[in-house]
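Peer 1: Dropping a structure here in structure tokens format, bear with me for questions.
The values are calculated or read from the model by the stated rules, or taken from the named source; none is laboratory data. Just so you know, these numbers come straight off a predicted model, no measurement behind them. Every residue, glycine as well, gets a Cβ built from its backbone with ideal geometry; the counts of neighbours run over all protein chains shown.
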Amino acid sequence: MRLILLSFSVLSASIAGAAPLVDTGFEPSINALGGLHGQAANGPAPWTSTGATVVNTGPTLGLQSARYSSFLASGAYDHHSRVNLVPSGGIFIPAGWSLKASVDVYNDPNTPEVVTGLSGWANSHTDEHAFFGLSGDGWRLARHGNGPLAPIVGNIANPPDTGWHNIALYVQQTSANTLTTTYSLDGGSPYTHNGFTIATHVGTVGFLNQISDFSLVTYNRGSSSANIMGIYDNFRVELVPEPGSLVVLGLGLALALRRKQG
């Protein structure tokens, strides 16, 4: 039995340690100070960015962070920085796995109109599949639906989300033309709006549906135009096993070892 448990632990570690598709803390080894556009993303493609910069002034979670500032109208948002996962089309996510994108965002309670978030796009950046973001006073945004005309809803009953928080999207390939995303905040999935849970979002199209890229998003939820600044750190995209997958693999390994011992 000890051999079985040891083998299962090694298997779990090898899966969890798979190399990420994108992994950057915007540190000097990957990103230089200044404009983010064209800089390395420690992945298959450089950043495509409209105005974001890498800075070494606070707040940061390391030596450097990414910052985007723009004058946005009330209700306007900008998908200002993204990394394409593949040259064209998208990634077909294998069964039993999720494509996880995560980023740390900084929320200032003194600027509650600023929402910073993360969005997932499908099919060569033509279909915004999901979006999740938050501001320093506890207001959260999520896109519930498919396509650019889907409504954005907020929850003002949450406690303030001040300081650094981690936003993550877990995308599963439910079928060839259906993607399912779970929204996660600081490792959990607490998002509800008026009692309606939108911790997951299902997007279906009439053709092959594949995730192509993830974008950093800055949104102005204020009542008037304003200079909006989003601050980000530790952006990562990786393939991770669904929770049930490790259990199934572990049981299969245990049965195989038991048969070998018998």
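Peer 1: Just the residues that are at pLDDT 95 or above, in contact with a Phe, Trp or Tyr (Cβ under 6 Å, 6 or more places away or on another chain) and not in a strand (DSSP E or B), please, taken from the range 38-58.
Peer 2: Selection gives 39, 52.
Peer 1: Something else: Is there a residue being aromatic (Phe, Trp, Tyr) and surrounded by fewer than 16 Cβ atoms within 10 Å (Cβ to Cβ) anywhere in the range 61-80?
Peer 2: yes
Peer 1: Also, quick follow-up: Return the only residue of 250, 203 being surrounded by 15 or more Cβ atoms within 10 Å (Cβ to Cβ), at pLDDT below 60, outside any loop (DSSP other than H, G, I, E, B) and not hydrophobic (A, V, I, L, M, F, W, C).
Peer 2: One residue alone meets the criteria, 250.
Peer 1: Return a yes/no flag: does the range 114-125 have any residue that is under 20 Å from residue 220 (Cβ atoms) and surrounded by fewer than 18 Cβ atoms within 10 Å (Cβ to Cβ).
Peer 2: Keep residues of the range 114-125 that are under 20 Å from residue 220 (Cβ atoms), which gives 114-119.
Pick out the ones that are also surrounded by fewer than 18 Cβ atoms within 10 Å (Cβ to Cβ) and you get none.
No, the range 114-125 contains no residue that is under 20 Å from residue 220 (Cβ atoms) and surrounded by fewer than 18 Cβ atoms within 10 Å (Cβ to Cβ).
Peer 1: Show me the strands (runs of 3 or more DSSP E) found entirely inside the range 143-190 where at least 1 residues are more than 17 Å from residue 112 (Cβ to Cβ) and either at pLDDT 95 or above or within 18 Å of the chain's Cα centre (by Cα) (or both). I'd like the intermediate steps shown before the answer.
Peer 2: Working: elements: 152-155, 163-175, 178-185.
Those strands (runs of 3 or more DSSP E) span 163-175, 178-185.
Peer 1: I would also like to ask the following. Looking at 62, 75, 90, 96, which is the one that is among the small types (Gly, Ala, Ser), touching a residue at least 12 places away in the same chain (Cβ under 8 Å) and in contact with a Pro (Cβ under 7 Å, 6 or more places away or on another chain)?
Peer 2: Working: 62 fails: in contact with a Pro (Cβ under 7 Å, 6 or more places away or on another chain); 75 fails: in contact with a Pro (Cβ under 7 Å, 6 or more places away or on another chain); 90 fails: in contact with a Pro (Cβ under 7 Å, 6 or more places away or on another chain).
Result of the check over 62, 75, 90, 96: 96.
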